[in-house]
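Structure, as structure tokens:
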């Protein structure tokens, strides 16, 4: 059904359930993401896409089911959990750059404090990554001095600095002014081309078509259907998906 | 005025003691208050409980009682001793009392500072793999402190004035010295009183101004 990218799965969710109070936000989720695969999660708001993203590095806990990452069951707390998180990059809707640190410090903090890499080495690598996302000239500035698009590109560089096995993108362009969306998507597309494993929650259908191996359509906390972008957009298999697509693709 | 000039070295010595009391207690209160605040936001219920009980007890007990407890309870009954010299010993005991008391307020100030740091900051740090302590140390507390510099300044001013309570256990800081000068110069009571009041202003006014300036300078732009 899906285009095979890597042979082994990097993340596997089995029968995952999650409630917020009485709200059942994740319903029996089964999902495999292979190494090097780019999965886009789309669906109406409240479908559980962001929660799906956040349970993978345990920013949200789950009520039942299992999640394995790189062959190991997800640690519950402590150093083992911190270790897992250091291997899974995360890019947030609201960037969440450390407000009291410079751009370069934002990118080097993780490598220095978590990976225990020497400062000069971390800074050299940090500058390379800022170069890659086109922000090297702003390295000494503070996050509030940058535009949203620039901040989000720094956030991607910050995630990359940890050499993660995967990056989670939780609506990375939803808080951006329209003219800044493309610069962030360009960085993400180049990452996808370089073989990074990605789970992207987004409303950017253009990105899904150009970079995704698979589209996962969610509604009301469940995975309703999943398919290649081409198949999904031209020939959705469920009424729910057809209805959603008709609302966002008509204009 | 004559009495003030005549006793100037005594007064200076007394205020020097006030300054030392203030600074030593401030440093200790800041350290203890930070530890307490970290405990109050920690994931361990026991630590949270201990810190909460501490804050509630110390914050709601009159300082005079705390100081007297330190002097009599610790000093005389439990025989806690820091020095052969009785006056040095009571000085240390009063520092313990002042810092234990002030730490409760510092803790609450830091906790309100932590509440000003957006959740996303700690979340991003967790997502990078920082541990709880690293998260506090590198991300949350530095931003929390910058948000509460002005209130910390107010606490320091309060502490400066609160050192006068150490007189209760015989520490010869400014207020106790003032009292003994009253006795020696009964004709100049008003002048001595205003002299001491002015000297306190000289200590506390710049503190307030400095902390106000510092808080504007270190404010985190969001």
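FYI, it's all coordinate maths here, none of it is from the lab. What you see is a predicted model, and the numbers here were worked out from it, not measured in a lab. Cβ placement follows ideal geometry from the backbone for every residue including glycine, while neighbour counts extend to all protein chains displayed.
Can you give the Rg to Rh ratio of segment B:2-218, both from alpha-carbon atoms, with Rh computed by the Kirkwood formula? Provide the component values of the computation, followed by the final result.
Working: Rg = 20.1 Å, Rh = 19.0 Å.
When Rh is taken as the Kirkwood radius, the ratio is 1.06.
Let me confirm one metric for peptide A:91-97, namely the mean number of other chain beta-carbon atoms within 10 Å of its residues' beta-carbons. Don't skip to the end; give the middle numbers.
Details: counts 2, 4, 1, 5, 2, 9, 3.
Taking all residues of A:91-97 together, the mean is 4.
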Taking the alpha carbon gyration tensor of segment B:65-163, what are the square roots of 5 times its eigenvalues, largest first, to the nearest whole Å? 37, 16, 10
How tilted is helix A:148-160 with respect to the longest principal axis of chain A? Cα atoms for both, answer in degrees (0 to 90, nearest 10). 90
Against the globular-protein guess of 2.2 N^0.38 Å, express the Cα radius of gyration of the protein assembly as shown as a ratio, rounded to two decimals. 1.31
Return the distance in nm (one decimal) between the two label points of a simple spin-label model at residue A:24 and residue B:45, each offset 7 Å from Cα along Cα→Cβ. 2.9
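Would you compute, from DSSP H runs of 4+ residues alone, the mean residue ellipticity of the protein assembly as shown at 222 nm, taking -39500 (n - 2.57) per run and dividing by the full residue count, rounded to the nearest 500?
Working: 19 runs with 258 residues, N = 473.
Per the formula, -17500 deg cm²/dmol.
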Starting from the Cα of residue B:65, step 7 Å along the direction of its Cβ; do the same at residue A:70; then give the gap between the two resulting points in nm. 5.6
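For the residues A:162, A:205, A:218, what sequence is obtained by ranking on other C-beta atoms within 10 Å, fewest first? Spell out each step's value before the answer.
Working: A:162 22, A:205 18, A:218 28.
Exposure proxy ranking, most exposed first: A:205, A:162, A:218.
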Could you work out how far helix A:103-113 tilts from the main Cα principal axis of chain A, as a 0 to 90 degree angle to the nearest 10? 90
Distance in nm between residue A:243 and residue B:83 label points, each 7 Å along Cα→Cβ, equals 8.0
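At a 10 Å Cβ-Cβ cut-off, how would you order B:50, A:184, A:40, fewest neighbours first?
Lowest to highest Cβ neighbour count: B:50, A:184, A:40.
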Is there a simple number for the mean count of other chain Cβ atoms within 10 Å of the Cβ of residues in B:135-145, and what is it? 2
Using R₀ = 45 Å, calculate the FRET efficiency as 1/(1 + (r/R₀)^6) where r is the Cβ-Cβ separation of residue A:175 and residue B:57; round to 0.05. 0.50
Cβ-derived FRET efficiency at R0 35 Å, residue A:147 paired with residue B:150, nearest 0.05: 0.70
Rounded to the nearest 10, the angle in degrees between the Cα long axis of helix B:149-162 and the longest principal axis of the Cα atoms of chain B comes to 30
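Please rank A:244, A:232, fewest neighbouring Cβ atoms within 10 Å first, as an exposure proxy. Show your work: numbers first, answer last.
Values: A:244 20, A:232 24.
The fewest-first ordering by Cβ neighbours comes to A:244, A:232.
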